[in-house]
Amino acid sequence: MLSEAPDVLSQVLKLIRLRGDHVFHGELSARAEVIFPPGPATFMHLRTGELSVSQHDGEAVLLRPGDFVLLPHADGHTIRGSLDVKAPRCFEVDVSAASRRQAQTFRWAADEGVAGSFLAGAFYFDGAPLRSLLTGLPGLIHLTCDKSMEPPWLAAISHFLDVESRAASPGASLMVSRLIDLLVIRTLRMWVSRQGSRAGWLSGLTDERIGLVLNAMHQAPDHPWTVQSLADTAMMSRSTFSDRFTAVVGLPPLRYLTRWRLTIAADLLRAGTLKVTDVAYGAGYGSEAAFSRAFKAQFGYPPSDAHRMSHSSVFRARSSELL
């Protein structure tokens, strides 16, 4: 009998350093349209009424009371009170400029009556080049939660976020940050469980045999893994395992392993306390030269520049080359 599937999602989120930032309250009239430019990743929990949300140039999603939306890629989005209004009053808000000390309430065209009210917030993934690990996530995650069927965890976390964000008590900002972390993690977990094979590599978290292999890779990235040894871990034949892993994860086994090894290496090199040679061997590479070639191919700069680049605005993974 197979053991319990590993918590690879926690390993990934630990590396990308999820950090809750702040929350705010919003109210829209039916004639209002609010544009959120690119900035931090955001979430929104609809409390009352109906609103629509869409990514830029994306299809609008209708939200009803209890629905929750997560926008992890920080590409910007738009919310509207009604799709039927041809010339809505347009507003633009910079979420990153909102107060961190106490939740603000934004009322857009409130004099015309409130079409919908919500609790929203912002969060970041601090591991700049590591965010490519979440390429399996869509730009907008919508949890349909009829008010009468709202998950207890969503109602509870949202309630305490509301309470803590309105308080001026010592430690309130830390509480808000931790509650946002919980909210994002629980949302990702529910989304992954609902998506199955449509979740890209994240779907491997719900596949028992592939989950075992992902856990083995994550726990011992420096091990000299082969497709056969990974297949043995999954208790499958080599060809069946390779086909299944690629179909579920979206990458061949050894290519995924390479990406994971380099992800860990990038995180270690950011601190600037280890030599490139030590990181190379720790990542399972037989030579510094081979490691350097692979690292530069993935991130666009040599490992010797990782610490310096971590403080630069151009510190980003070339995520388009990961798939």
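The values are calculated or read from the model by the stated rules, or taken from the named source; none is laboratory data. Because the structure is a prediction, the values reported are computed rather than measured. No Cβ is skipped: glycine too gets one built from the backbone with ideal geometry, and neighbour counts run over all protein chains shown.
Here's the yes/no breakdown for (1) closer than 19 Å to Glu50 by Cβ; (2) part of a helix (DSSP H, G or I); (3) among the hydroxyl-bearing types (Ser, Thr, Tyr); (4) modelled with pLDDT of 80 or more:
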| residue | (1), (2), (3), (4) |
| --- | --- |
| Ser96 | no, yes, yes, no |
| Val114 | yes, no, no, yes |
| Gly121 | no, no, no, yes |
| Arg131 | no, yes, no, no |
| Pro138 | no, no, no, no |
| Ile157 | no, yes, no, yes |
| Phe160 | no, yes, no, yes |
| Ser165 | no, yes, yes, yes |
Go through the stretch 38-62 residue by residue and tally those that are over 18 Å from the mean Cα position of the chain (by Cα) and not in a strand (DSSP E or B).
-> 6
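Go through Arg89, Arg100 for me and flag whichever is over 19 Å from Leu183 (Cα atoms), out of contact with any Pro (no Cβ under 9 Å at 6 or more places or on another chain), charged (D, E, K, R) and at pLDDT below 90. Break it down stepwise before answering.
On the way: Arg100 fails: over 19 Å from Leu183 (Cα atoms).
Being over 19 Å from Leu183 (Cα atoms), out of contact with any Pro (no Cβ under 9 Å at 6 or more places or on another chain), charged (D, E, K, R) and at pLDDT below 90 holds for just one of Arg89, Arg100, which is Arg89.
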With respect to the numbered conditions (1) of a type in the set (A, V, I, L, M, F, W, C); (2) within 21 Å of Leu119 (Cβ to Cβ); (3) at pLDDT 85 or above, which one is the sole condition not fulfilled by Met217?
-> (2)
Take the stretch 270-286 and flag every residue that is more than 28 Å from the chain's Cα centre (by Cα) and β-branched (Val, Ile, Thr).
-> Val276, Thr277
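Among Leu274, Leu254, which is modelled with pLDDT of 90 or more and among the aliphatic types (A, V, I, L, M)? Don't jump to the end; show me each part of the working.
Numbers: Leu274 fails: modelled with pLDDT of 90 or more.
The unique qualifying residue is Leu254.
For the stretch 167-178, give me each residue that is outside any helix (DSSP H, G or I) and touching a Lys or Arg at 6+ places or on another chain (Cβ under 8 Å). Please lay out each step first, then the result.
Keep residues of the stretch 167-178 that are outside any helix (DSSP H, G or I), which gives 167-171.
Matches in the stretch 167-178: Ala168 only.
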Being of a type in the set (Asp, Glu) and either outside the structural domain of Leu254 (by TED's automatic domain parsing) or modelled with pLDDT of 85 or more (or both) is the filter here, so list the residues in the stretch 278-317 that pass it.
-> Asp278, Glu288
